[in-house]
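Single-structure report; data block below.
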Amino acid sequence: QVQLVESGGGLVQPGGSLRLSCAASRSIFSFAAMGWYRQAPGKQRELVADIVSSGTTNYANSVKGRFTIFRDNAKNTVELQMNSLKPEDTAVYYCQAIEQGGQEYWGQGTQVTVSS
């Protein structure tokens, strides 16, 4: 069973930065894709950014230019660098991994709160 563990959430003021980290129980390169999703209260879970095995990345329009997803080979993690944070970025952020065959795995989530 694959385990994904997120870390790095917290409270930050508008305009600030946070970096989220997703640690996997096996090589991150063994997955077809990994990504970050978020869910705000009363809203559906939405894709924030993902990265496929080739390294190609994809971002939600709302975070383009502010967020960066990348792989840290040394730590075997997928990171989400979040800059210029806005109150509307407040949500629980989840890490997802997808197998080549389509099996999905999810982390437990980490809270990000953007507030003054």
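The values are calculated or read from the model by the stated rules, or taken from the named source; none is laboratory data. In this text, all values refer to a predicted model and were calculated from it rather than measured experimentally. As a convention, Cβ positions derive from the backbone with ideal geometry for all residues, glycine included, and neighbour counts pool all protein chains shown. Remember, those area values only see protein heavy atoms, side chains included, never the ligands or the DNA or RNA. Shrake-Rupley method; radii C 1.70, N 1.55, O 1.52, S 1.80 Å.
What the table below lists for this structure:
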item: Pick from region 1-16, criterion in a loop (DSSP other than H, G, I, E, B) and within 13 Å of Ala97 (Cα to Cα), ranking: least open to solvent (accessible area, probe 1.4 Å); result: Val2
item: Filter result (part of a loop (DSSP other than H, G, I, E, B) and either open to solvent by 20 Å² or more (accessible area, probe 1.4 Å) or of a type in the set (Asp, Glu) (or both)) within region 17-34; result: Ser17, Ser25, Arg26, Ser27, Ala32
item: Residues of region 81-116 that turn out to be farther than 23 Å from Gly42 by Cα, open to solvent by 70 Å² or more (accessible area, probe 1.4 Å) and touching a residue at least 40 places away in the same chain (Cβ under 8 Å), as a count; result: 1
item: Neighbours by Cβ (under 7 Å, 6+ apart or cross-chain): first from region 38-61, polar (S, T, N, Q); second open to solvent by 30 Å² or more (accessible area, probe 1.4 Å) and assigned to a loop (DSSP other than H, G, I, E, B); result: Gln39/Arg45
item: Subset of region 37-80 [loosely packed, with under 12 Cβ neighbours inside 10 Å and touching a strand residue (DSSP E or B) at 6+ places or on another chain (Cβ under 6 Å)]; result: none
item: Criterion (closer than 16 Å to Gly109 by Cβ and among the hydrophobic types (A, V, I, L, M, F, W, C)) met by exactly one of Ala24, Ala32, Ala60, Ala74; result: Ala24
item: Whichever residue in region 35-55 is in a loop (DSSP other than H, G, I, E, B) and more than 22 Å from Asp89 (Cα to Cα) and, among such residues, is farthest from the chain's Cα centre (by Cα); result: Ser54
